[in-house]
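Trainee: Have a look at the structure that comes next, please.
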Amino acid sequence: MTLDSEILNQAIKLTTLGMGIVFGLLIVLTSVVYAIGLINKIESQKNKKNEIKKNYSIAAFAAVSAIKTRQSQEK
C-alpha cells in the first residue's frame, strides 16, 4: 500500500482541522472558566458588603435596645 498525494493531503487537512477545533474549544473553555471566576469574585464582594451592612444593623439594634433598657430602668 502506497500513500499517494491525495490521501496525504486529505490526512494533513483533517489533522489540521482537528487540531484547530481542539485549540478553539480550549480557548473557549478557558474563557468560560475565567468569566465564571470573575462573576464569583464580584458576587463574593457583594455578599461581603451585605454582611458588613448586616453587622452594622445588628450593632445599631443592640445599641438602641441597650439605651432603651437603661432608660426604662431609670424611670
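Trainee: Pairs please, first residue from segment 1-15 and modelled with pLDDT under 90, second anywhere and exposed (fewer than 10 other Cβ atoms within 10 Å of the Cβ) and small (Gly, Ala, Ser), Cβ atoms under 6 Å, 6+ apart in sequence or on different chains.
Mentor: Close Cβ pairs satisfying both conditions: none exist.
Trainee: What residue, of 6, 43, is assigned to a helix (DSSP H, G or I), loosely packed, with under 10 Cβ neighbours inside 10 Å and acidic (Asp, Glu)?
Mentor: Numbers: 43 fails: loosely packed, with under 10 Cβ neighbours inside 10 Å.
Just a single option satisfies the conditions, and that option is 6.
Trainee: Could you grab me the full set of residues in segment 54-75 that are of a type in the set (D, E, K, R), part of a helix (DSSP H, G or I) and exposed (fewer than 10 other Cβ atoms within 10 Å of the Cβ)?
Mentor: Start the filter on segment 54-75 by keeping residues that are of a type in the set (D, E, K, R), which leaves 54, 68, 70, 74-75.
Those left that are additionally part of a helix (DSSP H, G or I): 54, 68, 70, 74.
Once the filter is applied, which keeps residues that are of a type in the set (D, E, K, R), part of a helix (DSSP H, G or I) and exposed (fewer than 10 other Cβ atoms within 10 Å of the Cβ), segment 54-75 yields 70, 74.
Trainee: Okay, next question. Answer yes or no as to whether residue 64 is under 36 Å from the mean Cα position of the chain (by Cα) and aliphatic (A, V, I, L, M). Outline the logic, then answer.
Mentor: On the way: under 36 Å from the mean Cα position of the chain (by Cα): no; aliphatic (A, V, I, L, M): yes.
Criteria not met by residue 64.
The values are calculated or read from the model by the stated rules, or taken from the named source; none is laboratory data. What you see is a predicted model; the values in this text were computed from it and never measured. In this analysis, Cβ positions are derived from the backbone assuming ideal geometry, glycine residues included, and neighbour counts consider all displayed protein chains.
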